[in-house]
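Undergrad: So that we are looking at the same thing, I have put the structure below in structure tokens.
The values are calculated or read from the model by the stated rules, or taken from the named source; none is laboratory data. Worth saying up front: this structure is predicted, and the values here are computed from it rather than measured. Ideal geometry is used to build each Cβ from the backbone, glycine not excepted, and the neighbour counts take in all protein chains shown.
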Amino acid sequence: MTTYINVTTSSNWARPPVGIVRVEVEIAKHLIAFYPAEQFIPCVWDGNAKKFRIIDTARYLVNLKSLELGLPKKEPRISKDFIEFWPSDTLLSIGLDWDLGFVDDISLIKKTRGINLVGCCYDIIPVLYPQYCVGDVASYFAQYFIGIAAIADHILCISHSSMRDLYEFLEEAGLPNIPPMSVFRLGDTVINTDTREITAPTFKHSISERGFILFVSTIERRKNHQAAYLALRKIIIDKLLQEEYIPTFIFVGMKGWGIDELLKDIELDPVTTGRILILSHVTDSELSWLYKNCLFTIFPSFYEGWGLPICESLAHGKPVICSNTSSMPEAGLEHARYFDPYSPKDLAEAIVEMLQRDLDREYYDIIHKYKPARWSDAAFCVLNVLKDVTNNSPKEKHAILPIGIQSVLKTENVHLSERGYISSPIFGKASRLFFKCRLESKLNYQIQIEIQGEDSKSLENLDLRLRIFHDMEILKEVILNRLFLKSNRSQRFFIALYASQPLMVSSGSSGEITVEFICQCSSKVIFSDIRVNILPMKRKAINLFQEKIVNAHNYVLGRHDMVNDNNTKSSLPLDLIDLIPPVLREM
Amino acid sequence: MTMETVLTLSSYLPATRSHGGEIRLAEISDYLCNSEYEVINAGVLSYETDKLPTTFIKKPDFNPVTNIVGNSFLMEDACISLLTSAGHLQAAALQERIKTTPKVIHIEQPWLFELGIRYRDQFSPGSKIVYGSANIEHKLKQSIVEQYFGREHAARCATIVKEIEEDAIRRSDICIAVTEEDKHYILSVDKTKSVYICPNASNAPKPNERGFHRVHQLTKGKKYALFVGSGHPPNVEGFLHFLGGHSAAFSGDVLLVIAGSAGNAIKNNHNYNDKFIFKHKVIFPGFVDQPTLDALIKMAHQILLPIRQGGGSNLKTAEALLSQRSIVASSCAMRGFEKFANEARVTIADTPTIFKRSVAANFLETCMPPIDYKEIGGTECLTWKHSLSPLNKVLKDLTGPSK
């Protein structure tokens, strides 16, 4: 039982980790380092092969440290072989997964290998607020979340607000089985830099004597810098504060899209000239200095999945005025002062009110009451979810493979675990179906094949065989007995095939085998549905099984291989019933 | 014995069989032919065509009545009625195209009723008039027009159509309806009227090998849901209402096949282009031949009937039920087929969320054997042969006991 952590996002990252990359890094780092007994293995997605490879843990961790220290990364060590998942394995994937475009492929891995999958939802902002995003990300974001939720065993969310959004979205989209979800609280990032090193930041001369209010965020429309600008304008125009008491506003963050006009307004507006400072490239130590020396912070974002800057501010012991929407009250709890982000007036009043408070007292309260969240706690929370998912997964796992015959024939590389399912029409006089499955040695397996077709007239001389290969050598040619159930009325036919002997692979040939199912016929046959079941059998059941086979033989011989659908149910001996798959029993 | 003649009048060509109305009239004609009547299909087309049969009048110029309807778009069929009333369409033009005197004039839908009456009065005084109602037209017209032109214009159009429709009910000798509900409406207009119900129906699909092969080429053996429809606006509107936007219905390794001219209309709809997130999983085979359509139906994992507007009954519902595949349908689509609504693999979904969820849930099911409707009397009642059987009585009543 292994848990693979998809670290594709962080292993491709070349800068100090931020946002989602930091979450992936911190969770992976803590799980690997603190829980060695749990067998956490980092892996990366190979987009060309559409499979996962293992990435060397030590090199991955060293590279993470290098990124944090601003040192160059070493070439990651990635396995040449692809990961062969087992049904009890779990895949944890919490990075920028929507960019990997792998949902359909993971879906196939999940179905064929029966693994557990734990995904993550940070927010569904592109779906809810496409106006704040570049291009048509709403569409592929929606596809991603519907796709991942359809196959995930659990989805981690970073706030109750995000979880609610995702749940409502999936429900409205009509997803039939919404997976269990839970919230894990992100750790707070406190920058531990010795600020004494910074004696005179280059921007210090631009700050008013009254101090400054800090706003840390990428500068983009959703973050609502407009409200901060208009609030400052209102404070000045309406004289809510005396001139000498008006602090400088410092916006720290990279410039995003859709803010050119706002930046122009800020630059040209004579009312606010010189009162707003925009810093796009600050070092960690400068940011640390800014947090340490600001009066308080503001965060007027319209919508967030969590609200990391709110927690950062509190973790640095600074009060924060933030929006009262989405997840922000969850992040700020009782420590933040809230306002309506659609009302710059509301923000202006909150700022004035905060400036009139005893700020030293505020700092004291926050330092003593706010407990910064640790990443180790976040990792522990994720660990518990992973344990729950593993423990709750069914003991006997059935991997299902509902894929087309064409792809089976083309790839010859379709994996089944103990049980496989193939559904597709077959055309042609001779068709071969290849599939691979992994069997455990010294275990007995019962083979069942069910076939449905459209025209029973074409069934003359139908030859059905099964051959089992291991390492390109024929291991066994399995004789299949058949029970025909033909519908007189519709010309549809149903065939149940079963092997006379249980299939047992010797210890030398355990592991992956290839099964070739050959259908040959004198005329074209159209099968509408073929299912192959390879089911593990308990030892005690083998004698009983062989007894039933004898009965089945007698029964089939006595009935000339064919039974019409009117007398099937009544004349079929009861002890043979369970040889026939449920779908045919009902016919 | 000379065969008695039935003249059918319509604003479309039954031989084309490209939408429900044409299929219904074609089946009525076939049924009557099989009952040893001579059937002449004639009428006035409400659209342009290159292949105009000799018995049909080409699409007239609607300009003389445009001031009455405001805009002839979506009111083309009603314009034919208005043109006749205003004297711009003459019964003589019809007479020139018909060689024999019919015993019965079957007017399918009310649009050519005025022309049919004038033709009867001027050239065939002994003929009996059957009004074949396929819908409560004024309600359907109102809902369609409203989407394009707003309430006010839709209400004006509905008033015009209602007048035409009620006139047809009152002046016909016998009416044929497609549902009990429609029959009640007809009787509410004229309680003395003889009304027979001939529900919409279908024929059991008969796919051939070529059809199966074509379907396999299209779908590569993947599971697919099938929506078959004409470009009739309610088909497009219903599809986008129930399945548009964010939808989990087609996540996973599945496809949606939209067959018929509905495909083109949907493909060109901005709501589809802007909001439907699984466009890459949709196949538009367009208008397909009957064996391919039958194979599409037979091989479908499920059949979708997302209809929201219109009275009458949907012959695509009969077709879907006859295929014995799983069905997700709105209540509106099941009108006339209510007795099938409680069957295990017929899911009624009247909200987009439930519709999408039902489709997604069906895809999670493995391939199932055909549904057996034995307990509710089988599928015989869904066939045209069964549904049109009252026509014998209708014609007997009108033409006397000779048949």
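Undergrad: Filtering segment B:239-278 down to residues that are under 27 Å from the mean Cα position of the chain (by Cα) and farther than 21 Å from B:Gln147 by Cβ, which residue is nearest to the other protein chains (Cβ to nearest Cβ)?
TA: Looking at the filtered set, the residue picked out is B:Ala249.
Undergrad: Still on this structure, please answer the following. Please go through segment A:108-154 and pick out each residue that is buried (at least 22 other Cβ atoms within 10 Å of the Cβ), more than 14 Å from chain B (Cβ to nearest Cβ) and among the β-branched types (Val, Ile, Thr).
TA: A:Ile115, A:Val118 - these are the residues of segment A:108-154 that are buried (at least 22 other Cβ atoms within 10 Å of the Cβ), more than 14 Å from chain B (Cβ to nearest Cβ) and among the β-branched types (Val, Ile, Thr).
Undergrad: Okay, moving on. Out of segment B:71-89, which residues are over 27 Å from B:Tyr196 (Cα atoms) and buried (at least 16 other Cβ atoms within 10 Å of the Cβ)?
TA: Keep residues of segment B:71-89 that are over 27 Å from B:Tyr196 (Cα atoms), which gives B:71-76, B:79, B:82-89.
Listed by number, the residues that qualify are B:Ser72, B:Leu74, B:Met75, B:Glu76, B:Cys79, B:Leu82, B:Leu83, B:Thr84, B:Ser85, B:His88, B:Leu89.
Undergrad: Separate question: Considering segment A:92-107 alone, what residues qualify as being charged (D, E, K, R) and within 12 Å of chain B (Cβ to nearest Cβ)?
TA: Looking only at segment A:92-107, we keep the residues that are charged (D, E, K, R), and these are A:97, A:99, A:104-105.
Matches in segment A:92-107: A:Asp104, A:Asp105.
Undergrad: Something else: Would you mind listing the strands (runs of 3 or more DSSP E) fully within segment B:211-327 where at least 2 residues are farther than 30 Å from B:Phe73 by Cβ?
TA: Strands (runs of 3 or more DSSP E) meeting the threshold: B:223-228, B:254-259, B:302-305.
Undergrad: If a residue must be buried (at least 22 other Cβ atoms within 10 Å of the Cβ) and small (Gly, Ala, Ser), how many such residues does segment A:269-304 contain?
TA: The number of residues fulfilling the criteria is 1.
Undergrad: Can you tell me how many residues within segment A:282-316 are over 26 Å from A:His160 (Cβ atoms) and not basic (Lys, Arg)? Even if it seems obvious, please write down each step before you answer.
TA: Kept after step one, since they are over 26 Å from A:His160 (Cβ atoms), are these residues of segment A:282-316: A:282-295.
Remaining after also requiring not basic (Lys, Arg): A:282-291, A:293-295.
Here the count works out to 13.
Undergrad: Can you find, within segment B:344-369, the residue that is modelled with the highest pLDDT among those that are more than 11 Å from chain A (Cβ to nearest Cβ) and surrounded by fewer than 17 Cβ atoms within 10 Å (Cβ to Cβ)? Outline the logic, then answer.
TA: Our first condition is that a residue be more than 11 Å from chain A (Cβ to nearest Cβ); within segment B:344-369, this holds for B:344-348, B:350.
Subsequent filtering for residues that are surrounded by fewer than 17 Cβ atoms within 10 Å (Cβ to Cβ) retains B:344-345, B:350.
Details: B:Ala344: 80, B:Arg345: 82, B:Asp350: 93.
Restricting to residues being more than 11 Å from chain A (Cβ to nearest Cβ) and surrounded by fewer than 17 Cβ atoms within 10 Å (Cβ to Cβ), the top hit is B:Asp350.
Undergrad: Report every pair of residues separated by at least 6 positions or lying on different chains whose Cβ atoms are under 9 Å apart, first residue within segment A:377-390 and surrounded by fewer than 15 Cβ atoms within 10 Å (Cβ to Cβ), second modelled with pLDDT under 85.
TA: The qualifying pairs are A:Lys387/A:Glu38.
Undergrad: Could you list, in sequence order, the residues of segment A:249-295 that are in contact with an Asp or Glu (Cβ under 7 Å, 6 or more places away or on another chain) and assigned to a helix (DSSP H, G or I)?
TA: Scanning segment A:249-295 gives a single hit, A:Ser285.
Undergrad: Further question on the same structure: Determine whether B:Val236 is under 26 Å from the mean Cα position of the chain (by Cα) and more than 14 Å from chain A (Cβ to nearest Cβ).
TA: In short, yes.
Undergrad: Scan the helices (runs of 4 or more DSSP H) fully inside segment A:1-93 and keep the ones with 3 or more residues being more than 30 Å from A:Val282 (Cα to Cα) and modelled with pLDDT under 90.
TA: Of the helices (runs of 4 or more DSSP H) lying wholly inside segment A:1-93, those with at least 3 residues that are more than 30 Å from A:Val282 (Cα to Cα) and modelled with pLDDT under 90 span A:19-34.
Undergrad: Is there a residue being in the same structural domain as B:His246 (by TED's automatic domain parsing), free of Cβ contacts under 8 Å to residues at least 24 places away in the same chain, touching a helix residue (DSSP H, G or I) at 6+ places or on another chain (Cβ under 8 Å) and among the β-branched types (Val, Ile, Thr) anywhere in segment B:354-374?
TA: Going residue by residue through segment B:354-374, those that are in the same structural domain as B:His246 (by TED's automatic domain parsing) are B:354-374.
Right, trim to free of Cβ contacts under 8 Å to residues at least 24 places away in the same chain and you get B:354, B:361, B:364, B:366, B:369, B:374.
Keeping just the survivors that are touching a helix residue (DSSP H, G or I) at 6+ places or on another chain (Cβ under 8 Å) gives B:366, B:369.
Of the ones still in play, those that are also among the β-branched types (Val, Ile, Thr) are B:366.
Within segment B:354-374 (the criterion being in the same structural domain as B:His246 (by TED's automatic domain parsing), free of Cβ contacts under 8 Å to residues at least 24 places away in the same chain, touching a helix residue (DSSP H, G or I) at 6+ places or on another chain (Cβ under 8 Å) and among the β-branched types (Val, Ile, Thr)), the answer is yes, since at least one residue qualifies.
Undergrad: Got a number for residues in segment B:134-145 being assigned to a helix (DSSP H, G or I) and touching a residue at least 24 places away in the same chain (Cβ under 8 Å)?
TA: Result for segment B:134-145: 8.
Undergrad: Here is a list: B:Tyr185, B:Tyr148, B:Tyr131. Which entry is surrounded by fewer than 18 Cβ atoms within 10 Å (Cβ to Cβ) and either within 14 Å of another protein chain (Cβ to nearest Cβ) or not in a loop (DSSP other than H, G, I, E, B) (or both)?
TA: Just one listed residue meets the conditions, B:Tyr148.
Undergrad: Based on this model, can you work out whether B:Ile68 counts as farther than 24 Å from B:Ser202 by Cβ and surrounded by 22 or more Cβ atoms within 10 Å (Cβ to Cβ)?
TA: Criteria not met by B:Ile68.
Undergrad: Name the pairs whose Cβ atoms lie under 8 Å apart, with the first residue in segment A:158-181 and closer than 14 Å to A:Met328 by Cβ, the second in a helix (DSSP H, G or I), and 6 or more positions between them or separate chains?
TA: A:Ile158/A:Val23; A:Ser159/A:Glu330; A:Ser159/A:Ala331; A:His160/A:Glu330; A:Ser161/A:Glu330; A:Asp165/A:Leu128
Undergrad: Assuming B:Asn203 fulfils every condition listed in (1) farther than 30 Å from B:Pro390 by Cβ; (2) more than 10 Å from chain A (Cβ to nearest Cβ); (3) touching a strand residue (DSSP E or B) at 6+ places or on another chain (Cβ under 8 Å) apart from one, which condition is it?
TA: With respect to (1) farther than 30 Å from B:Pro390 by Cβ; (2) more than 10 Å from chain A (Cβ to nearest Cβ); (3) touching a strand residue (DSSP E or B) at 6+ places or on another chain (Cβ under 8 Å), B:Asn203 is out only on (1).
Undergrad: Give me the residue from segment A:18-37 that is within 16 Å of A:Pro309 (Cβ to Cβ) and touching a residue at least 12 places away in the same chain (Cβ under 8 Å) and, out of that set, surrounded by the most Cβ atoms within 10 Å (Cβ to Cβ).
TA: A:Val23
Conditions (1) within 17 Å of the chain's Cα centre (by Cα); (2) within 13 Å of another protein chain (Cβ to nearest Cβ); (3) surrounded by 20 or more Cβ atoms within 10 Å (Cβ to Cβ), marked per residue:
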site	(1), (2), (3)
B:Ala295	no, yes, yes
B:Ile307	yes, no, yes
B:Asn314	yes, no, yes
B:Ala341	no, no, no
B:Ile371	no, yes, no
B:His386	no, no, no
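Undergrad: Determine which member of the set A:Lys74, A:Lys111, A:Lys29 is closer than 22 Å to A:Asn392 by Cα and among the charged types (D, E, K, R).
TA: None of the other options fit; the residue is A:Lys111.
Undergrad: Just to be sure I understand the filter: pairs with C-beta atoms under 7 Å, separated by 6 or more residues or on different chains, first member in segment B:84-108 and in the same structural domain as B:Val178 (by TED's automatic domain parsing), second member exposed (fewer than 13 other Cβ atoms within 10 Å of the Cβ). Which pairs pass?
TA: B:Arg97/B:Thr54
Undergrad: Would you pick out the residues in segment A:330-339 that are surrounded by fewer than 23 Cβ atoms within 10 Å (Cβ to Cβ) and either more than 18 Å from A:Glu362 (Cα to Cα) or in contact (Cβ under 8 Å) with a residue 40 or more places away in the chain (or both)?
TA: Within segment A:330-339, just A:Glu330 meets the criteria.
Undergrad: Keeping to segment B:196-210, report how many residues are modelled with pLDDT of 85 or more and in contact with a Leu (Cβ under 9 Å, 6 or more places away or on another chain).
TA: The total comes to 7.
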